[in-house]
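The values are calculated or read from the model by the stated rules, or taken from the named source; none is laboratory data. Just so it is clear, the model here is predicted, and its values are computed rather than measured. Cβ placement follows ideal geometry from the backbone for every residue including glycine, while neighbour counts extend to all protein chains displayed.
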Amino acid sequence: MAAEKQPKALKKRFYRKRVPLFSLINKIKLWPSRTGQLHGVRSLVITGDTARVTTHCNKEFTISNSLNSRAARWLRNKWFSRVCPKCGVPDWKLEKYSTTLFKRHQGSMLLKDKEQ
């Protein structure tokens with residue numbers, strides 16, 4: 001008899017609620033647009049306090065590094081209406097994103113240097 005493989009339980013990831021937006025987008029590579037679509041991020045070019053996000057469907061967004069912005073809140077609360085069909089965000093990435101938890105006193109700060 002062939003042994004059935006049980007799906008592996010997804011590991012929960014913890015990030016702090018108040019991480020910088022650019023670090024969060026660079027880590028999870030997802031962007032919620034104003035229409036509620038969840039896009040896959042191809043590149044993030046940071047210039048000072050603003051950045052240019054390029055998605056896989058070749059759309060470009062100029063964003064600012066705000067913790068209270070609409071996009072930051074939507075990413076933390078996992079609010080989106082649908083996934084962009086042109087970006088082709090894979091199911092494993094959506095499952096990984098759905099198990100990600102944002103807590104105030106627990107989780108990674110997404111800092112580049114260990115000294116900070």
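Here are a few things to note about the model shown:
- Counting the residues of segment 48-68 that are in a loop (DSSP other than H, G, I, E, B), under 22 Å from residue 15 (Cα atoms) and in contact with a Ser or Thr (Cβ under 9 Å, 6 or more places away or on another chain) gives 2.
- Every test in (1) surrounded by 15 or more Cβ atoms within 10 Å (Cβ to Cβ); (2) hydrophobic (A, V, I, L, M, F, W, C); (3) over 13 Å from residue 33 (Cβ atoms) is passed by residue 67 save one, and that test is (1).
- Subset of segment 17-39 [touching a helix residue (DSSP H, G or I) at 6+ places or on another chain (Cβ under 9 Å), part of a strand (DSSP E or B) and not aromatic (Phe, Trp, Tyr)]: 30, 32, 38
- Any hit, segment 40-47, residues being in a strand (DSSP E or B), surrounded by 14 or more Cβ atoms within 10 Å (Cβ to Cβ) and in contact (Cβ under 8 Å) with a residue 40 or more places away in the chain: yes
- Residue in segment 7-22 that is modelled with pLDDT of 90 or more and among the β-branched types (Val, Ile, Thr) present: no
For (1) at pLDDT below 90; (2) of a type in the set (Ser, Thr, Tyr), each residue gets a yes or a no:
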| residue | (1), (2) |
| --- | --- |
| 42 | no, no |
| 47 | no, yes |
| 52 | no, no |
| 64 | no, yes |
| 101 | yes, no |
| 112 | yes, no |
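- Qualifying residue in segment 60-76 (condition: among the hydrophobic types (A, V, I, L, M, F, W, C), more than 25 Å from residue 111 (Cα to Cα) and more than 14 Å from the chain's Cα centre (by Cα)): no
- Count - residues of segment 74-89 that are surrounded by fewer than 13 Cβ atoms within 10 Å (Cβ to Cβ) and either among the hydroxyl-bearing types (Ser, Thr, Tyr) or not in a loop (DSSP other than H, G, I, E, B) (or both): 3
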